[in-house]
Structures are given as C-alpha cells and as structure tokens.
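Engineer: Input: one structure, supplied below.
The values are calculated or read from the model by the stated rules, or taken from the named source; none is laboratory data. These numbers come from a predicted model, not from an experiment. Cβ placement follows ideal geometry from the backbone for every residue including glycine, while neighbour counts extend to all protein chains displayed. These accessible areas exclude ligands, DNA and RNA; they are computed on the full protein's heavy atoms, side chains included. Shrake-Rupley method; radii C 1.70, N 1.55, O 1.52, S 1.80 Å.
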Amino acid sequence: MTIELRSVTKTYGEKVTALDGVSASFAEGTFTAIMGPSGSGKSTLLHCAAGLDRPSAGEIIIDGVSLTGLSETGLTLLRRQRVGFVFQAFNLVSSLTAAQNVALPRHLAGNKPPAKEITSTLAQVGLASRESHYPSELSGGEQQRVALARALITRPAVLFADEPTGALDSKTSRGVMELLRDFPATVVMVTHDPVAASYADRVLLLSDGHMVDELAKSSADAIAAKMATMEASC
Amino acid sequence: MLSLASVKANRVRLLGSFVALLLGVTMLTLTALLLVSAKPQVPQRFSATTVAVTPLPAQAPSDTFPDHPRWTIAEATALAEKLHGVLDTPFYAQAVIDGKPAKATAGNTWATAVLGNTRVTSGSAPANADEVAVPADLGRQPGDTVTILTAPGPRDYRVSAVHDGTELYFRDVPPETGVLAIGVLGDVDPAAVKAIVGSQAQVLAGSELSALEPPGDARTRWIGMQVLTAMGALSAFVAVFLVAATFSFSVLQRRREFGLLRAVGATPGQLRRLLLREAVLVAASAGAIGVALGVVGAPVVGSLLIDAGVEPASFTVRYDPLPMAAAYLTGIAVAAAGVWIASHRAARVRPLEALRVAEAERRPMTRSRWIGGVLAAAIGVLAGVATASADALSMPTYAGLTAMALVVAMSLLSPVVVPPLARVLMAPLSRSAVGLLVRQNAATAARRTAATAAPVLLTVAFTMLVTGMVATGASAYAARRADALPTAAVLVADGTPGLTQAVVDGSPGIVLKPTTVFLGREPLSVMGSSQTTGLTVSETLAAKHGWKWGSTVELTVASGAKVQWTIQDVLPDREVPLGVQVPAHLVPPSVLTQAVYLAADGVKAPGLGAKVLSAPDYAAQADAEEDRLVWTFTLILVGMAGGFTLIAVANTLLMATRGRLNDLLVLRKAGATAGQIRRLVAAETAVVVAIGAALGMVVATGALLAIRAGLSEQMGLPVPMTVPWPTIGVTVALCLVTGFAASVLPLPRR
C-alpha cells in the first residue's frame with residue numbers, strides 16, 4: 001500500500017466534524033477519485049492524507065512512514081520526497097518562468113534538475129516550447145500542465161490532485177486527465193466532475209465525513225447517476 | 001540564486017522595504033557624518049603651529065565653557081624666549097564698515113600671523129601703533145583708513161597691509177591683554193618642550209591644539225552635539241522601527257506565496273533563509289544609495305545647523321569612511337534582524353494557506369507579539385517613572401526612551417485595539433455601503449490596518465512629544481523668570497559681542513561686566529557691577545571655600561594678572577546670581593561690558609555697536625534668543641523625523657493598496673463604481689491615519705505627563721502641560737494628504 005488512512009477524524013472547533021473515522025487504502029500505481037457533495041469532507045480528506053493538515057485523530061501512513069509525530073520540517077521533507085500536488089488554482093509562482101516553476105521543488109530540496117531534464121519533463125506534458133514563459137503568458141490548461149510537470153519531476157510515490165479540472169473547459173480537461181491517468185505514481189484526486197472521475201480506476205464516495213460507497217472503474221454517466229441518488233438521499 | 005530570482009521577481013513588492021531601508025540608511029549616514037564632524041577643530045590661527053604652551057587648563061565640568069586662563073605678557077615673555085615661541089594674545093577687535101560693525105571680531109599681533117601661516121598679499125606689516133593688517137574680504141586697500149572697535153572704544157587706523165587670513169593684525173595689543181598661548185613653529189619635539197616648561201604649563205601638539213578653540217565656539221559645538229545626539233538617537237530608532245515594520249508588513253502581504261512555497265516542499269528553515277537572503281540583498285543595494293544620499297545631504301544639513309546657530313561657522317563635514325561603513329552595515333543588520341523576526345511568522349504559514357483564495361487573518365495577535373508589546377509597555381512605564389524624577393539634564397533622554405518604548409508597545413499591541421477603534425470611528429458612516437466595507441476591512445484585517453497606521457503613530461507621537469516637551473518646558477522656565485528689572489531702559493550690544501568702554505563711559509547707569517577669574521585652576525564666574533563697592537560672594541561659595549568676611553583671596557583675572565581681593569560681604573545666593581560680584585572697575589579693561597541698566601534720565605544716543613532697549617524688550621530678547629535656539633532644535637528634530645516618517649506613511653499605504661488590488665477588483669465586479677472604490681480607499685486611509693494619530697497622541701500624552709511631573713518636581717511649583725495643537729493638527733493633516741496621495745492616486749481611473 002502506498003497510502004493508508006486508519007480511522008482518520010478531523011474536527012474544527014467543537015462543532016464541525018469534517019471527517020468522522022474514515023479508513024481507506026490506496027494501492028501502488030492506482031488512480032482513485034474521491035467524490036462527494038460540497039461539504040462532504042473530501043478536500044479535508046485530501047489535505048490530511050497529503051500531510052498538509054493534521055488529523056484530530058487516527059493515523060496516516062505514506063509509503064511506509066507514519067505522519068503522526070513528524071515535525072513540521074519532517075512533514076515537509078516527506079512531502080518533498082514522496083508527494084506531489086496539483087491544485088484547482090494552478091498555484092504557480094507568478095514570478096518564475098515555467099521552467100523555473102518546474103525546477104522549484106527539486107531546487108528547494110537541494111538537487112536542482114539539469115536543464116535537459118526540465119525540458120524533457122515539460123515536453124512530457126506537451127509544453128516543449130513554453131519553458132521561458134511566465135504563468136501569466138500561459139492558458140489555464142497550460143498552467144495546469146506546468147503544475148503537473150512540477151509534480152512529475154520530483155518522481156513522487158503519490159500525487160494528490162484537488163479539483164485539477166475545476167477551472168478548465170472540458171476540452172482542456174481531457175488533456176489534463178489523460179496526463180493524470182498516465183502519471184507514474186499512485187494518484188488520489190478529489191473532484192465533483194463525473195467525467196474527470198471516469199478516468200480513475202475506482203471512485204470513493206464521501207458524505208458528511210463518512211465513506212459511503214465505492215465504485216470500480218465506471219463511465220461518467222454511471223458516476224453521475226450514482227451521485228444524483230446520493231445527493232437526493234441527503 | 002533562488003533569493004536573487006525572488007528579489008528580481010518581487011521587485012515591486014520589495015520596493016516598500018527598499019524605500020524604508022534607503023531612508024533609514026540615509027538618516028543614519030547623515031547624522032553619523034555630522035556627529036563625527038562635530039568634534040572640535042584646531043583654530044585656523046594655529047594651523048601652522050607645531051606646539052602650543054598654555055597656562056594649566058581650567059578644571060570645570062564638561063558642560064560649562066569658561067574662558068581660557070591667561071598669563072600676563074611679562075610672565076610669558078621669558079618662557080617664550082626660551083622656546084623661541086610667539087605670544088598668542090587674542091583680543092576683541094572689530095572693523096566698522098559703513099557705520100556697521102563687520103562680522104569678524106578677532107584681533108591679534110602681527111607676530112602671530114605665522115602661527116596660522118597668514119601672508120601679506122599687498123602692502124607691508126603694521127609697523128606702528130596706528131596701523132592694521134586686514135583680511136582681503138574687508139574690501140580695504142593699503143593706505144585706506146578704517147575704524148576699528150577694541151575694548152577701550154572705536155579708533156581710526158591706517159591699513160598697512162591686506163592678508164589672506166581672517167583676523168585683524170596690529171603691532172601692539174590693547175592694555176592688560178593676557179597671553180593665551182605660546183606658539184612654537186617648525187620641527188619641535190613636544191616632549192622636549194614639556195621638559196623645558198615642566199609642570200607649570202600645558203603643552204599641546206597636533207589635534208590637541210583644538211583645546212584652544214574659543215569658548216563660545218566650544219559651547220555652540222556642545223549644543224550642536226546635543227542636537228546631533230538627539231538626531232542620531234531618533235534617526236536610529238526611526239530607521240530600525242520603519243525597517244522592521246515594513247519588512248514584517250511585506251511578509252504579511254506575501255502569505256500566499258509562502259504557503260505555495262511550503263506546499264511544493266520548502267521547509268520553514270528554507271523559507272526563513274530565503275527571506276533573510278532577500279532582505280540582505282535589498283539592504284545591500286538600498287544601503288549603498290542611502291549612504292550616497294547621506295553623503296550628499298550632510299553638508300546641506302551641516303550648513304543649516306550653522307545658520308541655526310547650533311554649530312560654529314568653522315563646522316565642516318568630514319567624510320570619514322567609518323561612519324559611512326557603520327551606517328551601511330547597520331542598515332543590513334537592521335534589515336536582517338527585522339526580517340528574521342518577521343520570518344518566524346512567515347515560516348509558520350501552513351502550506352494550506354496557499355489554497356485559500358480569500359484573505360482573512362485568523363489570529364492578529366501572536367504570542368511573541370503579546371510578549372514584546374507588554375515588555376515594551378513595561379519599559380515605557382519604567383522610563384516614564386524615571387522621567388518624572390530625573391534632573392534637567394537627563395530628562396529629555398528618559399522622555400525620549402519613554403516615548404520610543406511606548407511607540408513600540410503601541411504598534412505591537414495595536415491589532416487588539418484597532419477593531420473596536422475602527423468601529424467607533426466608523427459608527428456615523430456605517431449605514432452606507434462604503435462605510436460598512438471600511439469598518440469591516442479595518443476590523444478583519446487588524447494586522448494590516450495596524451501596520452499601515454504604525455508610521456502615522458510614530459510621526460504624531462514624536463511631533464507631539466518634542467513640541468509638547470519644549471512648550472511645557474518653556475512655560476515652566478517662563479514662570480521662573482518672572483522677576484522684573486530694576487530699570488526702564490537697557491543699553492546692549494548691537495552687532496558686537498559686547499559694549500566698549502567708550503560706550504559705557506557715555507551712558508550713566510548700572511554697568512554689568514561679567515568675566516571669569518581663576519582660583520588656582522578653578523574658574524569662577526564673576527559679575528563686575530558698578531553697584532558693588534567691594535568683593536561680594538554667595539553663601540554657598542563662601543561655605544565651599546571656607547571664606548568669611550574679611551578673608552583675602554588670591555585670584556587670577558582675565559588679563560593673567562594675580563590679584564588679592566578682600567571679601568567685603570557674604571550674601572544669600574539669590575542676591576549674588578553668579579556667585580561672585582566685584583566693582584566693575586576691578587575687571588580688566590580687555591573685558592567687554594554686557595549691558596548698562598540706564599539711569600532714568602541717562603538715555604542718550606548710544607555709541608558705536610550699541611542700542612537702547614526698553615526693559616520689557618530686553619527681557620523678551622533674552623528669552624527670544626533662548627527660545628529661538630530651542631525651537632530651532634525642535635524644528636530640526638521634528639522636521640527630520642517627520643519628513644522621513646511621512647515618506648514611510650506614503651510607502652506603507654502604497655504597499656497596502658497595491659496588495660489589495662485583487663480585493664478591489666472583486667468589489668468592482670460586484671458592482672462598485674470607480675468613484676465608490678476611490679471613496680472606499682480614501683475612507684480607509686482616513687481611518688488608518690485617525691487610528692495612528694489617536695494612538696500616537698496617547699503615547700505622547702503618557703510621556704508628556706511624565707515630563708510635567710518631573711518639571712513640577714524640579715521647580716517645586718505646578719507646571720501646566722502645554723501642547724501645541726496647531727503643530728499637531730498640521731502634522732495629522734500632512735499625514736492625511738500624503739496618505740491620500742499614496743493610496744487613492746495609484747488606483748485605476750476606470
């Protein structure tokens with residue numbers, strides 16, 4: 001298992017329980033989509049699993065390392081070595097070029113990738129000629145591809161994607177989803193888009209902080225239908 | 001490398017920090033250069049002198065400036081012959097040009113011209129008692145006649161030579177002129193001279209010759225030193241405060257960027273180091289420009305100080321590399337320290353913050369902010385207590401410390417008071433949409449509001465403290481100076497340092513002729529008065545020296561002559577203001593008269609270099625001179641600090657507006673008109689200025705209360721706290737105008 005969540009609970013203050021004893025595991029090389037209505041806790045689940053946020057109770061294990069008890073720096077180092085991210089808002093450093101943004105995580109880790117590797121990584125996401133462009137000179141889809149290249153270059157064990165197509169049109173989304181599907185790592189993606197979820201190997205359904213259902217690889221229509229019944233029931 | 005890229009990329013954001021550092025280093029360089037330049041200098045007339053031998057110097061407290069002791073010519077001649085030296089006998093001599101006394105007032109014998117390497121440019125050295133050698137700038141040629149004032153009175157001389165120096169040279173000296181020093185030229189070993197003169201004289205060489213500076217110049221320099229020290233302390237504080245505040249503000253504005261860096265794998269330590277390197281890079285470049293600006297500005301401020309009378313005319317800026325380097329390195333150190341503190345907050349930014357789009361501060365107060373704020377407040381209160389019980393000399397220091405500590409405390413703790421204050425201020429406007437937005441913005445972004453209000457706080461607090469301190473002090477001293485003069489009219493000097501004997505002889509009245517005598521090496525201030533019939537001393541002085549009625553005291557007077565005076569009267573201190581009073585005729589004729597209290601019918605046409613004042617005018621003039629110095633001092637401090645802090649006000653508001661362009665864009669999309677946005681930003685600026693001004697006044701009031709308590713204690717009478725409100729009103733108005741210019745003007749027009 002690349003990632004394991006054991007009865008993870010996350011509460012905010014005393015009243016809000018975002019996650020209520022969620023357990024899940026993600027096998028190596030799989031692509032899992034997490035779906036659920038707004039407020040179901042799917043983003044919190046992702047943040048906790050990725051070590052961006054600390055759960056109130058329970059344990060998270062990434063690539064054999066338990067996150068419980070790791071210091072802030074320890075967590076950062078673990079994320080740096082094993083974890084990649086793609087966010088909805090592409091989150092590129094606006095002052096750095098595409099190539100510099102891609103190199104950034106490795107640069108921070110103290111092993112700056114050679115120019116050739118940066119070029120080839122950008123080529124992998126279809127941005128061969130865009131190296132010296134700044135984020136403001138790239139379209140939304142291109143920015144998300146830069147973010148993917150940035151995740152790719154660290155060769156992470158797991159990639160977390162938070163609504164990666166949320167700000168993209170359907171045509172651009174397709175390209176990004178194909179890249180995600182072929183990403184050489186365990187991929188965990190939060191989305192509310194059934195089309196995006198249809199690229200995943202399986203779909204976990206979350207509601208009110210509980211894991212309520214699981215679908216094997218399905219078509220977008222089947223996922224949409226399932227979501228509709230779920231939202232109607234609550 | 002990453003930091004350099006980050007500096008390049010954040011050029012616009014870092015501009016604010018850059019400007020703050022630039023200002024800080026400029027101020028530091030300027031005051032440091034002026035401070036080292038304010039050291040006493042060798043008088044021009046000794047510029048070619050190797051060694052000077054003088055009587056043993058007066059033993060006096062360092063903040064008094066008695067005349068130098070002198071030898072009689074007879075005494076000094078023997079020693080001068082042994083040393084092959086020249087007798088330096090400076091005396092009062094002032095040319096009268098077109099009926100008005102000229103500026104220069106120094107006279108000497110032609111023999112001393114060599115000590116300052118002064119040379120004749122045309123004509124020949126004065127060969128008889130009626131001849132004089134004059135400086136070229138007097139505009140006279142050899143053969144011309146010129147009227148010259150000396151202690152006995154005016155007299156016409158024939159110009160025998162024009163020279164390249166600054167003094168008037170004669171063949172002879174006026175009667176009873178003493179010898180200040182024996183100047184020795186050429187290749188002389190000071191140690192050999194010391195061996196010859198023994199322990200009965202002082203031997204000065206090289207830079208020690210600066211001890212021969214006229215006491216008047218030394219006193220002016222001392223006042224200048226007080227001004228410059230205050231300027232130095234204030235500019236150091238303002239620089240540190242502004243730089244630290246601006247850096248921590250810029251960190252606050254870059255939370256999203258830091259969150260993102262954290263998310264892609266930057267450790268808290270890496271983030272801190274990144275910020276530190278960035279700050280040092282910014283400081284290195286801003287500091288270089290700041291030093292350059294300081295170097296350019298120093299002579300300008302220096303000449304202002306001379307014009308203001310707080311530095312002698314001989315003051316010149318010395319471009320010592322040490323203070324420049326110190327200012328530069330201080331700038332870098334302050335930037336590093338400021339950003340280091342702020343970086344801890346930045347490093348605590350969770351990666352998740354990059355994912356939040358809306359900005360809302362959750363915790364405006366951190367624990368370190370509380371600790372720092374409370375600690376600074378405690379120091380402020382302690383310093384305030386010390387102010388209330390301090391003596392006159394150390395009071396401004398403690399008052400300044402009180403204000404500085406309270407400013408720091410107030411700006412650290414202000415996020416706590418900003419939201420309620422904003423609510424109160426905006427209560428009348430909260431029904432309009434703009435009013436609601438302003439109130440909410442100020443309340444939710446307490447840190448940002450506090451940070452932008454900080455420079456206003458500093459400006460208002462220091463303006464109010466300094467002007468209030470001066471005004472309160474002035475009213476306290478005025479209360480003490482209330483006693484009336486025993487006369488209707490007073491004869492005083494006009495364009496001269498004092499009245500000549502000729503003037504005094506023509507104006508019957510009470511003659512006041514202050515001078516210094518030496519009891520051994522102890523200088524005593526003496527009032528020569530025509531009202532006194534014999535030596536009168538104060539009870540305190542008599543007790544100190546064991547004098548009684550009838551004691552005979554041996555003293556050295558201004559001419560260097562030893563006299564034996566018998567004490568005729570011992571009176572209470574308040575009747576002998578200077579401590580010693582003697583009949584005016586006992587004071588050597590080389591001493592000028594300060595004033596003549598004219599007899600009721602004694603008002604005649606005053607002589608050359610004199611004028612008649614009514615008693616009230618005379619009292620007012622004495623006050624006016626003192627007040628002028630004090631207000632000059634105030635103006636320099638307030639002007640300098642105020643000018644720099646105003647730029648800082650503009651700087652932070654500009655940073656704040658730029659950082660909020662996104663928010664404002666959202667408002668535009670939500671239907672706000674461009675006019676509404678401008679009104680919103682203007683109202684926010686007004687709230688920020690109002691908050692800063694209110695907090696600044698609280699700080700200054702605290703310090704002023706302490707000062708009032710201290711003054712009341714010293715004088716034993718209640719002193720009213722006087723606050724010059726118009727000055728403070730103008731300061732706040734300036735902050736408002738600057739703030740509007742910085743926040744509203746850069747907004748997009750449409």
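Engineer: How far apart, in nanometres, would the label points at B:Ala48 and B:Gln568 be if each is projected 7 angstrom from Cα along the Cα-to-Cβ direction?
Structural biologist: 4.9
Engineer: Taking +1 at the Cβ of each Lys and Arg and -1 at the Cβ of each Asp and Glu, which of B:Val51, B:Thr177, B:Gln141 sits farthest along the dipole of the stretch B:44-217 towards its positive end, judged by Cα position relative to the Cα centre?
Structural biologist: The listed residue farthest towards the positive side: B:Gln141.
Engineer: Restricting the count to DSSP beta bridges whose residues both fall in the stretch B:489-621, what percent are antiparallel, rounded to a multiple of 5? Show your work: numbers first, answer last.
Structural biologist: Numbers: 30 of 38 bridges.
The answer is about 80 percent antiparallel.
Engineer: For A:Glu137, A:Glu14, what's the largest-to-smallest order of accessible area, 1.4 Å probe?
Structural biologist: Numbers: A:Glu137 100, A:Glu14 185 Å².
Output order, biggest surface exposure first: A:Glu14, A:Glu137.
Engineer: List the lysines whose Cα sits under 22 Å from the Cα of A:Lys226, skipping any in the same chain fewer than 8 residues away.
Structural biologist: Once the sequence-local lysines are set aside, what remains near A:Lys226 is A:Lys42, A:Lys217.
Engineer: Under a point spin-label approximation (7 Å from Cα along Cα-to-Cβ), what is the A:Glu59-A:Ala225 distance to one decimal in nm?
Structural biologist: Distance between the two pseudo-spin positions: 4.1 nm.
Engineer: Could you go through the stretch A:78-83 in sequence order and give the Karplus-derived ³J(HN,Hα) for each residue, using 6.51 cos²θ - 1.76 cosθ + 1.60 with θ = phi - 60°, rounded to whole Hz, and x for Gly and Pro?
Structural biologist: Values per residue, Gly and Pro as x: 4, 4, 4, 8, 10, 10 Hz.
Engineer: Further question on the same structure: Within the protein assembly as shown, what percent of beta bridges assigned by DSSP are antiparallel, to the nearest 5? Kindly include the intermediate steps, with their values, before the conclusion.
Structural biologist: Values: 81 of 114 bridges.
Expressed as a percentage, antiparallel bridges in the protein assembly as shown total about 70.
Engineer: So if I place +1 on the C-beta of Lys and Arg and -1 on the C-beta of Asp and Glu, and nothing else carries charge, what would the dipole magnitude of chain B be about its Cα centre? I want it in debye, nearest 20.
Structural biologist: Details: 58 positive and 47 negative charges, 1220 e Å.
The dipole magnitude comes to about 5860 debye.
Engineer: Give the lysines whose C-alpha is closer than 27 Å to that of B:Lys82, dropping any in the same chain fewer than 8 places away, or say none.
Structural biologist: Counting by Cα, and skipping residues close in sequence, B:Lys82 has these lysines nearby: B:Lys194, B:Lys562.
Engineer: For the protein assembly as shown, what size does the Cα cloud have along each of its three principal axes, sorted from largest down, in whole Å?
Structural biologist: Principal axes ranked by extent give 124, 61, 55 Å for the Cα atoms.
Engineer: Multiply the residue separation of B:Arg119 and B:Val424 by 0.36 nm, subtract the distance between their alpha-carbon atoms, and state the gained length in nm to one decimal.
Structural biologist: Gain in length upon complete extension: 102.3 nm.
Engineer: For the stretch B:561-576, what does the Karplus curve 6.51 cos²θ - 1.76 cosθ + 1.60, with θ = phi - 60°, yield as ³J(HN,Hα) per residue in whole Hz, taken in order and with x for Gly and Pro?
Structural biologist: Listing the rounded values in order: 6, 8, 10, 10, 10, 9, 6, 9, 8, 10, 10, x, 3, 5, 8, 10 Hz.
Engineer: Also, I was wondering about something else. Report the full-extension gain for the segment B:Ser551 to B:Ala674: residue separation times 0.36 nm, less the Cα-Cα distance, to one decimal in nm.
Structural biologist: Details: separation 123, 0.36 × 123 = 44.28 nm, distance 9.00 nm.
That works out to 35.3 nm of additional length.
Engineer: Additional query: Sum -39500 (n - 2.57) across every DSSP H segment of at least 4 residues in chain B, then divide by the residue count to get the 222 nm mean residue ellipticity, nearest 500.
Structural biologist: Working: 18 runs with 397 residues, N = 750.
The helix-only estimate for chain B comes to -18500 deg cm²/dmol at 222 nm.
Engineer: Quickly work out the A:Thr9-to-B:Thr64 label distance, labels modelled 7 Å from Cα along the C-beta direction, and quote it in nm with one decimal.
Structural biologist: 8.2
Engineer: Quick one: buried accessible area between B and A, total over both chains, 1.4 angstrom probe, nearest 100 Å²?
Structural biologist: Values: alone 33770 and 10690 Å², together 42410 Å².
Buried surface at the B/A interface: approximately 2100 Å².
Engineer: Same structure, new question: Return the average number of partner chain Cβ atoms within 10 angstrom of each residue Cβ along peptide B:265-272. Intermediate values should be presented prior to the final figure.
Structural biologist: Working: counts 16, 7, 11, 4, 3, 6, 2, 0.
Average per residue, whole number: 6.
Engineer: Let me ask another. DSSP loop (so not H, G, I, E, B), at most 13 other Cβ within 10 Å: list which trypsin sites (Lys or Arg not before Pro) in the stretch A:1-105 pass both filters. Each step should come with its number before you reach the end.
Structural biologist: Working: sites: A:Arg6, A:Lys10, A:Lys15, A:Lys42, A:Arg79, A:Arg80, A:Arg82; in loops: A:Lys15.
Answer by residue number: A:Lys15.
Engineer: Check the straight Cα-Cα distances from A:Lys15 and name the aspartates and glutamates below 19 Å, setting aside those fewer than 8 residues away within the same chain.
Structural biologist: A:Asp53, A:Asp208
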